[in-house]
Amino acid sequence: MRTITLQLNNQSQHLRVLQLTDCHLFAEESGKLLGVRTADSFKAVLQAIINQQAVFDLIIVSGDISQDYSVASYQRFAHAIAVLKTPVFFVPGNHDDGPLMYRIFDQYGVHTERSLICGNWHFVFLNSEVYSVPHGWIERSELNFLKECYDAYPELNTVVVVHHLPRLVHSRWLDTQTMHNQDEFNNFIATLPNIKLVLCGHVHQEIDEVVGRTRYIASPSTSIQFEPLSHDFALDSQAPGWRYLQFYPNGQIETQVYRLPQGSFTPDVGVSGY
Ligand SMILES: [Fe+2]
């Protein structure tokens with residue numbers, strides 16, 4: 001276990017995080033996902049964040065950075081996100097090549113450590129990817145890694161970052177692609193009292209719910225959005241988005257979601273698959 005510590009430099013001593021997720025970038029800049037040029041929507045989100053003049057201490061990217069598993073897509077991501085001049089941490093998603101990311105991202109300035117301490121918050125980054133299939137699975141070794149991280153700093157507020165939201169979203173097609181052993185995962189989480197948040201991507205929509213002592217949050221994609229509560233595959237016409245989170249020393253979390261203007265990067269809503 002390799003833990004990295006980041007020093008907070010703001011007066012209030014609360015930690016401010018930007019979450020980006022599900023960028024689905026291609027090797028080619030012109031690559032489209034269901035009609036959306038994902039490199040363009042990603043850059044538009046980054047520019048909107050710059051325009052907001054928001055201040056944040058770190059960036060968490062919760063998977064599906066790539067759509068085609070290519071080195072070039074990861075280079076494109078790292079090059080683009082460097083404009084924010086903020087440390088970046090990630091987890092792999094089902095459209096990613098996790099081993100490749102862990103091998104190359106250090107060279108491009110993206111952190112590959114999976115245990116991060118900032119103030120009295122501890123972030124643990126888990127891998128739920130099952131290579132080349134949409135659903136997720138948490139291996140026992142990942143739970144052991146989480147336990148090892150947790151036991152090293154049990155007094156800290158803990159955030160688990162993992163791509164697959166381990167909750168049903170009541171969307172029949174999307175719920176077949178959930179973390180398939182989510183009950184095992186959630187039961188394990190429930191045994192660790194200082195886990196305040198499970199932060200996810202994958203569902204391409206805004207989710208924020210509390211289960212027991214733990215909050216579960218998922219966020220809009222920087223590319224296409226899935227229609228909430230849809231029986232069969234359906235795209236939402238909402239624009240690409242991003243999330244800010246503020247973590248306070250007493251364990252409280254505040255969060256806000258923002259989107260590009262409505263009508264930006266509208267996908268081909270008539271398509272029947274993903
Ligand atoms: Fe995705």
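What to note about this one:
- Selected residue (criterion: nearest to the chain's Cα centre (by Cα)) from residues of the range 52-97 that are more than 14 Å from the ligand (Cβ to nearest atom), surrounded by 16 or more Cβ atoms within 10 Å (Cβ to Cβ) and small (Gly, Ala, Ser): Ala78
- Hits in the range 98-122 (condition: within 22 Å of Met179 (Cβ to Cβ), of a type in the set (Gly, Ala, Ser) and away from the ligand (no atom under 16 Å from the Cβ)): Ser115
- Considering residues of the range 1-50 that are assigned to a helix (DSSP H, G or I) and within 22 Å of Gln246 (Cα to Cα) only, the residue farthest from the ligand (Cβ to nearest atom): Ile50
- Tabulated pairs, the range 121-140, first under 18 Å from Ile195 (Cα atoms) and modelled with pLDDT of 95 or more, second in a strand (DSSP E or B) and among the polar types (S, T, N, Q), C-beta under 6 angstrom, 6+ apart or interchain: Trp121/Asn157; His122/Thr158; Val124/Ser115
- Single residue of the range 239-257 satisfying the filter (under 23 Å from Ala48 (Cβ atoms) and either free of Cβ contacts under 8 Å to residues at least 12 places away in the same chain or touching a helix residue (DSSP H, G or I) at 6+ places or on another chain (Cβ under 7 Å) (or both)) that is surrounded by the fewest Cβ atoms within 10 Å (Cβ to Cβ): Glu254
- Test for Ser132: is it within 15 Å of the ligand (Cβ to nearest atom), more than 24 Å from Leu46 (Cβ to Cβ), in contact with a Gly (Cβ under 8 Å, 6 or more places away or on another chain) and small (Gly, Ala, Ser): no
- Asn120 being more than 17 Å from the chain's Cα centre (by Cα) and either among the polar types (S, T, N, Q) or buried (at least 22 other Cβ atoms within 10 Å of the Cβ) (or both): yes
- Among residues of the range 236-266, those that are at pLDDT 90 or above and either part of a strand (DSSP E or B) or within 22 Å of Gly63 (Cβ to Cβ) (or both), counted: 19
- Among the numbered conditions (1) over 27 Å from Trp137 (Cα atoms); (2) under 17 Å from the mean Cα position of the chain (by Cα); (3) in contact (Cβ under 8 Å) with a residue 40 or more places away in the chain, the only one that Leu46 does not meet is (3).
- Residue pairs meeting the criteria (Cβ under 7 Å; at least 6 apart or on separate chains; first on the phi > 0 side of the Ramachandran plot and surrounded by 17 or more Cβ atoms within 10 Å (Cβ to Cβ), in the range 186-209; second in a loop (DSSP other than H, G, I, E, B) and of a type in the set (A, V, I, L, M)): His202/Leu165; His204/Ile224
- The C-beta contact set for the range 49-72 (first residue within 17 Å of Cys118 (Cβ to Cβ), second residue away from the ligand (no atom under 13 Å from the Cβ) and assigned to a helix (DSSP H, G or I), distance under 9 angstrom, 6+ apart or interchain) comprises Phe56/Ile49; Phe56/Leu84; Ile59/Ile81; Ile59/Leu84; Val61/Phe77; Val61/Ile81.
- All of (1) within 16 Å of the ligand (Cβ to nearest atom); (2) closer than 21 Å to His14 by Cα; (3) in a loop (DSSP other than H, G, I, E, B) hold for Phe233 with one exception: (2).
- Filtered residue count, the range 157-185, keeping only those that are over 21 Å from Ile60 (Cβ atoms) and in contact (Cβ under 8 Å) with a residue 40 or more places away in the chain: 10
- Within the range 213-230, if we keep just the residues that are part of a strand (DSSP E or B), within 11 Å of the ligand (Cβ to nearest atom) and among the hydrophobic types (A, V, I, L, M, F, W, C), the residue that is farthest from Leu18 (Cα to Cα) turns out to be Phe226.
- Any hit, the range 34-45, residues being surrounded by fewer than 21 Cβ atoms within 10 Å (Cβ to Cβ) and polar (S, T, N, Q): no
- Within the range 137-169, the set of residues being within 27 Å of Asp22 (Cα to Cα), assigned to a loop (DSSP other than H, G, I, E, B) and among the acidic types (Asp, Glu) comprises just one member, Glu139.
The values are calculated or read from the model by the stated rules, or taken from the named source; none is laboratory data. Since this is a predicted model, take the numbers as computed values, not measurements. Positions of Cβ are generated from backbone atoms using ideal geometry, with glycine treated the same way; all protein chains shown enter the neighbour counts.
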